[in-house]
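Encoded as structure tokens, the structure appears first; notes follow it.
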Amino acid sequence: MQQSSNNLPGNAFDRRTMDWYIDKLMQLLVFIGGISAIIFIIGIFVFITMEGMDFVFGRLDVAEFFTSEYWSPSDEDDPEFGILALIAGTASVTGLAMLVAIPFALGSAIYIGEFASGKKREYLKVLVELLAAIPSVVWGFIGLSIMNPLIIDVFDVPVGLNILNAGVILGLMAAPIMASIAEDALKAVPDGYREAAEAMGATRWQVIFKVVLPAAKNGLLGAVLLGVGRGFGETMAVLMATGHSVNMPTSIFDSVRALTATIAAELGETAVGSDHYGVLFTIGIFLFLITFVINLSADLIVRGVRKG
Amino acid sequence: MVTSAEAVVEDVKQPLKLDVRDLSIYYADTPALENVTLDVREHEIFGIIGPANAGKTSFLKTINRMDMFTSNMKVQGDIYFNGFDIRKTRNIYALRSRIGVVFPLPVGLPLTIYENVALAPRLSGVSNKAELDIMVERCLTRAALWDEVKDRLDSLGSLLSGGQQQRLTIARALSQEPDVLMLDEFSIAVDPVTTMRIEDVLKELKSEMTIILVTNLVQQARRLADRTAFFLEGKCVEIGDTEDLFTGNAKQQSTIDYIEGKFG
Amino acid sequence: MFEISELNKRNQKTQKLFQILFLMMTLMLIAPVVIILGTLIYKGGAIISVDFLFTAPTDGMTAGGIFPALFGTVWLVAVALLVSVPVGVAAAIYLSEYAPDNWLTRIINLAIINLAGVPSIVHALFGVGAFVIFFKFGTSILAASLTLAIMTLPVVIVASKESLQAVPKAFREACWNMGATRWQTIRRVVLPNAVSGILTGVILEVSRTTGETAPIMFTGAAFFLPFLPQSVFDQTMALSLHLFVVSTQVPGVPDELPYGVALVLIGMVLLMNSVSIAFRMYLRGQKKW
């Protein structure tokens, strides 16, 4: 081997071996794997648009769609395609969920990230991670079977499947995810900041409130945004715990219906290509765009990229 | 520089192994090495001495095209290896497999000690166990490591001590059976006794390969190198027979001062 | 002097107070899980038996076991893994080993974040539009599993990328120095040292896939089937959907039945998560360099 390459110096480096070609082939394959995420996200948009297109260009009245609170898409004589009540349902549940989740997520992120140490910190992180793993259909079942009678008992209302129920459930679902993202944001604050503040005589909680939280502001905002995105997109839990009735809510004890839950509940009963089928895909496009924007802005905020 | 290049052409005793012409290296816009012209002959030990930041390590990285991995590293000039322009190679891996490198920070790969040394032969297609066994033993013996690890070839190479990892790195470079072996301050992590043993091995290896020895130990260059180049602040100040340089016949005052230890 | 120490004391009290407050918040976040698990075990524990796990539902799904749903979930997860693991690991290798710091990489990362962030019901719509209708797979295990695979792809990518990046760059450079190609380096040194980390990600994905409901509702999972699926082109029952069905769609189901289904589902999911976490901790303790 050595001798031959000594005798033919140039050729050895000029000859492409099997390994060289395998290397190029694998590079191509993993590149395809890499861009597959882009292909899939575009694919999602293309395919739901394809199914929703007939409705969007044929039947859709944008003003009615967003401002009418009447939703009866399967009515044969006079179908109504207003999603305002559904948006209100999603927004009210998500809003309440954030009220529940933000303080708990932030509080536990601060405790785990700044106070707990060693084993205790490990265990708490594991518990939070397990909390985030509970499937949404199980949460929905909990809303249905545990929260529902509890709300009826405690608040003396006729129905326990309402904004309160779904909001609390959704808050509990979103909190662990938000907590772990928030904790990452706190961890990203350089220790030098803390040490500098402590050297100036600041106490631990002063350091946290005056130095760490302001420095982690963007990451924390990103965590909240991702929580909102999660709330908007949650399907099964919301389907099972909201009561699923089309309704402009006036109190947290009202039953509502969410955008996602509407698709989940009605898609099975529609004929492919019908207006009802089309409008459900149109809601899908709307959800896709909203969560896309939320995720995009969360990403931009976390990375600290400013607009313009 | 011109003078040293001419001197080289005059007394060619051996075929040229490496022919470096007008080489400059930049990190972003900061020069690390400027206008270096030198050559390395077959079966010689070519020493490079000089203080820190002289551009010695950058020079080595350029020869096996490691500059590709540092995004802001720019290289100008020509390097011919066995008469072949290394930038025109269509198979960079074949080029690198002919050049063994040992850097000052030892890297034991997270494989078994055996696999660390058997990796290069395996990559070039050797799969016969008996053949590999012989190679592994020979390379580890030459790197003065065999006796310490022969009973635990299955333990991880990355968990050896620093000195042992350095010798493992040398054994791995030898397992490539390279044309050129480049050593960059190999003795930093190794104790003096082992250093002497490796130096003896290098003298033997001269008959099989060409060795470029970058060292911060002036006396090591004197003991081993046939010819020595003195690098200072990105310039190649002088190249000459080691014997001449160390017997006060260096042409440049800074070379004499460095060798005498007036700065470093 | 006196004043300063007084101030210190007050500060320390405030600090203690905050610490306790935050601890309470953390515990209140975790408490519901314990309560929920307790309730599920209390109300559903009694129904779980070998018979429950290995017989089919009877009497209009108001009695009997959950075997077809369990069996179907295994099918769905297995087929989804066959797709998402190779694609996800390839993507992770690209991002960790090849991707330059440029706009394309930025877009890939953004796409991964969005893939994880798109609502599960939108993934379901995509599955219907793409796999059921366009590619004509019909409502089948194949269509449902592909939908699940794409949805859970980010889990595999993120975990694999992390464990690949945990392998120090010096190892790669040492291999390149020896003339190893990039792929040889990845296959012989990087992947073997990242494979256990990738495995924890895969276990996590199995857990995620097991619990997903919305994406399979219209793509391949059925409320009730009197037979087990024979191929990937058949529909199947699934445990997660089964919980939805017995708790909302079927009248006259005895109370403990949905609790039992929920307990089995949450048990599977938490078990796999715990295995993944334990494995990760074990690996962290193993020093390899």
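The values are calculated or read from the model by the stated rules, or taken from the named source; none is laboratory data. Predicted, not measured: the structure shown is a model, and the values here were computed from it. Don't worry about glycine lacking a Cβ; one is built from the backbone with ideal geometry, like all the others, and counts go over all protein chains shown.
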Please work out which one of (1) under 17 Å from the mean Cα position of the chain (by Cα); (2) at pLDDT below 90; (3) buried (at least 21 other Cβ atoms within 10 Å of the Cβ); (4) of a type outside the set (G, A, S) is the condition A:E129 fails and give its number. (3)
Residue check, C:F218 against (1) touching a residue at least 60 places away in the same chain (Cβ under 8 Å); (2) within 14 Å of chain A (Cβ to nearest Cβ); (3) of a type in the set (A, V, I, L, M, F, W, C); (4) closer than 21 Å to C:I266 by Cβ, all met but one. Which one? (4)
Residue count, the range A:185-222, condition away from chain C (no Cβ under 13 Å) and under 23 Å from the mean Cα position of the chain (by Cα), comes to 9
Sort out for me the helices (runs of 4 or more DSSP H) sitting completely within the range B:168-264 that have 2 or more residues that are β-branched (V, I, T). B:192-205, B:253-259
Out of everything in the range B:58-88 that is free of Cβ contacts under 8 Å to residues at least 24 places away in the same chain and either more than 8 Å from every other protein chain (Cβ to nearest Cβ) or more than 26 Å from B:A118 (Cα to Cα) (or both), what residue ends up being surrounded by the most Cβ atoms within 10 Å (Cβ to Cβ)? B:K61
Selected residue (criterion: nearest to C:L110 (Cα to Cα)) from residues of the range A:17-34 that are surrounded by 17 or more Cβ atoms within 10 Å (Cβ to Cβ) and either in contact (Cβ under 8 Å) with a residue 24 or more places away in the chain or within 31 Å of the chain's Cα centre (by Cα) (or both): A:G34
Of the candidates B:L159, B:L145, B:L119, B:L168, the one satisfying the condition of being out of contact with any His (no Cβ under 7 Å at 6 or more places or on another chain) and more than 22 Å from B:I99 (Cβ to Cβ) is B:L159
Kindly indicate which of C:V232, C:V202, C:V261, C:V245 is touching a residue at least 24 places away in the same chain (Cβ under 8 Å), away from every other protein chain (no Cβ under 13 Å), aliphatic (A, V, I, L, M) and assigned to a helix (DSSP H, G or I). C:V202
Could you tell me whether the range A:241-260 includes any residue that is within 13 Å of chain C (Cβ to nearest Cβ), of a type outside the set (D, E), under 19 Å from A:I44 (Cβ atoms) and within 17 Å of the chain's Cα centre (by Cα)? yes
Assuming C:I133 fulfils every condition listed in (1) surrounded by fewer than 21 Cβ atoms within 10 Å (Cβ to Cβ); (2) within 21 Å of A:L287 (Cβ to Cβ); (3) more than 8 Å from every other protein chain (Cβ to nearest Cβ) apart from one, which condition is it? (3)
Unique match (being under 16 Å from B:M182 (Cβ atoms) and more than 13 Å from the chain's Cα centre (by Cα)) among B:G100, B:G55, B:G77, B:G47: B:G55
Looking at (1) touching a Leu at 6+ places or on another chain (Cβ under 8 Å); (2) over 29 Å from C:S196 (Cβ atoms); (3) at the interface with chain A (Cβ under 10 Å from one of its Cβ atoms), can you tell me which one C:M151 breaks? (2)
Qualifying positions in the range B:131-164 - in a helix (DSSP H, G or I) and within 24 Å of B:I49 (Cα to Cα): B:G162, B:G163
Please work out if A:I163 is under 30 Å from A:L86 (Cα atoms) and either in contact with a His (Cβ under 6 Å, 6 or more places away or on another chain) or touching a residue at least 12 places away in the same chain (Cβ under 8 Å) (or both). yes
Inter-residue pairs, beta-carbon under 7 Å, first assigned to a helix (DSSP H, G or I) and in the range A:104-118, second among the acidic types (D, E), 6+ apart: A:A109/A:E183; A:I112/A:E183; A:G113/A:E183
Residues that are closer than 22 Å to C:L153 by Cα and either free of Cβ contacts under 8 Å to residues at least 40 places away in the same chain or touching a Gly at 6+ places or on another chain (Cβ under 7 Å) (or both), drawn from the range A:36-72: A:S36, A:A37, A:I38, A:I39, A:F40, A:I41, A:I42, A:G43, A:V46, A:F47, A:I48
Given the condition touching a Gly at 6+ places or on another chain (Cβ under 8 Å), closer than 28 Å to B:T210 by Cβ and without any contact (Cβ under 8 Å) to a residue 12 or more places away in the chain, answer yes or no: does some residue in the range B:108-130 qualify? no
Do we find that A:L86 is more than 10 Å from every other protein chain (Cβ to nearest Cβ), more than 21 Å from the chain's Cα centre (by Cα) and either within 27 Å of C:S120 (Cβ to Cβ) or not in a helix (DSSP H, G or I) (or both) in this structure? no
Say we look at the range A:36-53 and pick out the residues that are facing chain C (nearest Cβ under 7 Å) and in contact with a Phe, Trp or Tyr (Cβ under 6 Å, 6 or more places away or on another chain); which of these is surrounded by the fewest Cβ atoms within 10 Å (Cβ to Cβ)? A:F47
Yes/no for A:A271 being hydrophobic (A, V, I, L, M, F, W, C), free of Cβ contacts under 8 Å to residues at least 12 places away in the same chain and over 22 Å from C:G117 (Cβ atoms): yes
Here's a check for you: in the range B:163-220, which residue that is touching a Lys or Arg at 6+ places or on another chain (Cβ under 6 Å) and away from chain A (no Cβ under 14 Å) is surrounded by the fewest Cβ atoms within 10 Å (Cβ to Cβ)? B:V201
